Amino acid sequence: GWRCARRCVVPFDADRYCPMTDPDEELIRGAFDMAQRIEDHTTRCYFKGRIREMVRMQPICDAEEFVKMSKDLHAEIDDCLHFGTCFRYAGPSVSWDISRLPPGPPPLYAGCEMLKDIKRMHRVLCRLSTQYGKVFPMQLEGNPLWVVVSGAREAKAIFHDNGATMSSRAFGQAHLIAHTDFPAGNFLRCPFSEDLKKRRGVVWREALSKQKVELFRPIIEHCRHVSLRAFLRAAEQGDAFQPRPLLRLTYLNVLASILFGKNFADVKDPEYRRVYNFVDGEASEDLAAPADIFPIFRLTPLHARKAARMKSIRAREDAWLHERIGERRRHLAEGGQPQTLCDILLSTMDSACPGQRLSYENIKEICNEIIFAGTDTTATTTETVLAHLLNNPEKAEKLRAELDEALGSGEPRLPAAADFSKLKYLNACIKEAMRLTCAVPFNGHVCSADTEVLGYKIPRGAM
């Protein structure tokens, strides 16, 4: 009854990601058959989307490369069947080998501690690390094994020196994926694989090379002047004002101009308010929820309402992105030259080079990640720096003196990118603010193979 009610309240758009051509390749057929055995509906649709894109890429891929990518996909689906490492812990009960890990907190104790301060879960993990050490396991009901890592030496050894097996992304709020139709093209949320490396390389070469970034420099300067005018107009009114909409205007203008050649005049612009509302809506959702700790909370109406909010936000994001990408596609179809980052990405759809083609879903998700991840994290970090400086006026004066010295006492000018390396105290203020109040205080990765590091053995499938 609950499953029926959930589907009625938040229906899943199955036709959008499930259709695929009939694959002929033996490895792909095997991956498809394995995907059919995944019980979780959303995870099954995700892998069908991946398989569909592999089939599309086969004619333009090198045969050897295609076999390697197929093996990677096969291994990912196998992991999901046994460990549930894709969207949620959907696999069978797993007996984790933690014999070569130090002792960790009991599951019930760990869960209750995290519920005490669910909005600041990183602080709870820090407190637990003082009891159990820099590396310790945590087993929570309905979740894969957590291995909590803190400390610079431990983080470098595990995530940097063993990046090949520690680079798959994990999910906070994984249970909400069932309601938001995240597609296969999302780079931030897909497992680390040959396919991901290839597509990320295309984005880097075609859009983020040093030469391409220099082309966007005039856009950045224009957006900076627009934002400064907005701040000055707010300050001239003489009243206290909330800087968050203005900071988001700054970064959203830069990113939207680079991506789509579109900018917003001020915070009252209706188009800006439209984007601001769903960026703010997504950013306002807690990083973690009780349902991440105790799965029983997933059966409550509060969770269903939160899932419905996430689906609504995602639908509005998608609608705005489809409009903007559609404008750029029409520009190119009419014979226009590539002028924006989106134009450059769209031009790869027709690439004849093996493994160089991006799908429409890939491009839409890249734009999504740049706009929505780039806007809120940078705006929140800037707001944090300002807040700490306002609470430490002596530090603010020292920073002002450095800026005056670096920019000269003659005709006023704005700082340029070349000045940043000379502003040592500004760099220190930004880093200290991020240390004290980080926009994304912790992150999860999934171990894709048994890994021995620092005398510990981290089992495959652990998060």
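The values are calculated or read from the model by the stated rules, or taken from the named source; none is laboratory data. Only a predicted model underlies this, so the values are computations on that prediction, with no experimental measurement involved. Heads up, the Cβs are rebuilt from the backbone with ideal geometry, glycines too, and the neighbour counts pull from every protein chain shown. Surface areas here come from the heavy atoms of the whole protein model, side chains and all, with no ligands, DNA or RNA. Shrake-Rupley method; radii C 1.70, N 1.55, O 1.52, S 1.80 Å.
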### Summary
Over region 245-286, the set of residues among the charged types (D, E, K, R), in contact with a helix residue (DSSP H, G or I) (Cβ under 6 Å, 6 or more places away or on another chain) and closer than 17 Å to Phe372 by Cα is Arg248, Lys262, Glu282, Asp286
### Message
Residue pairs, Cβ under 6 Å, 6 or more apart or interchain, first in region 129-146 and closer than 19 Å to Leu454 by Cβ and open to solvent by 30 Å² or more (accessible area, probe 1.4 Å), second charged (D, E, K, R) and modelled with pLDDT of 85 or more. List them.
### Response
Lys134/Glu154
### Query
Picking from His388, His445, which residue would you name as being surrounded by 15 or more Cβ atoms within 10 Å (Cβ to Cβ) and under 20 Å from Pro243 (Cα atoms)?
His388
### Positions within region 249-294 being open to solvent by less than 20 Å² (accessible area, probe 1.4 Å), assigned to a loop (DSSP other than H, G, I, E, B) and over 16 Å from Ser227 (Cα atoms), in sequence order
Ala288, Ala289
### Message
Just to be sure before I move on: is Pro270 farther than 20 Å from Thr377 by Cβ and modelled with pLDDT under 85 in the structure I sent?
### Response
no
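Is it true that Leu176 is at pLDDT below 70, assigned to a helix (DSSP H, G or I) and either of a type in the set (Ser, Thr, Tyr) or crowded, with 18+ Cβ neighbours inside 10 Å (or both)? Show your work before the answer.
Details: at pLDDT below 70: yes; assigned to a helix (DSSP H, G or I): yes; either of a type in the set (Ser, Thr, Tyr) or crowded, with 18+ Cβ neighbours inside 10 Å (or both): yes.
Taking the combined requirement at face value, the residue satisfies it.
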### Test set (1) open to solvent by 20 Å² or more (accessible area, probe 1.4 Å); (2) in a helix (DSSP H, G or I) - Asn362 fails condition number
(1)
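Quick check on Ala307: is it under 23 Å from Arg217 (Cβ atoms) and crowded, with 18+ Cβ neighbours inside 10 Å? So that I can check it myself, show each step before the final result.
On the way: under 23 Å from Arg217 (Cβ atoms): no; crowded, with 18+ Cβ neighbours inside 10 Å: yes.
So Ala307 fails the test.
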## Note on the structure
Residue hits (region 18-69; within 27 Å of the chain's Cα centre (by Cα), crowded, with 18+ Cβ neighbours inside 10 Å, assigned to a loop (DSSP other than H, G, I, E, B) and modelled with pLDDT under 75) are Asp40
### Query
Has region 439-458 got any residue that is at pLDDT below 80, of a type in the set (Lys, Arg) and not in a helix (DSSP H, G or I)?
no
### Query
In this structure, is Ala387 modelled with pLDDT of 90 or more, in a helix (DSSP H, G or I) and not polar (S, T, N, Q)?
yes
### Task
Could you list, in sequence order, all residues of region 323-337 that are surrounded by fewer than 16 Cβ atoms within 10 Å (Cβ to Cβ) and within 18 Å of Leu252 (Cβ to Cβ)?
Glu323, Glu327
### Task
Select, from Ala234, Ala240, the only residue that is under 30 Å from Lys119 (Cα atoms), surrounded by fewer than 19 Cβ atoms within 10 Å (Cβ to Cβ) and over 23 Å from the mean Cα position of the chain (by Cα).
Ala240
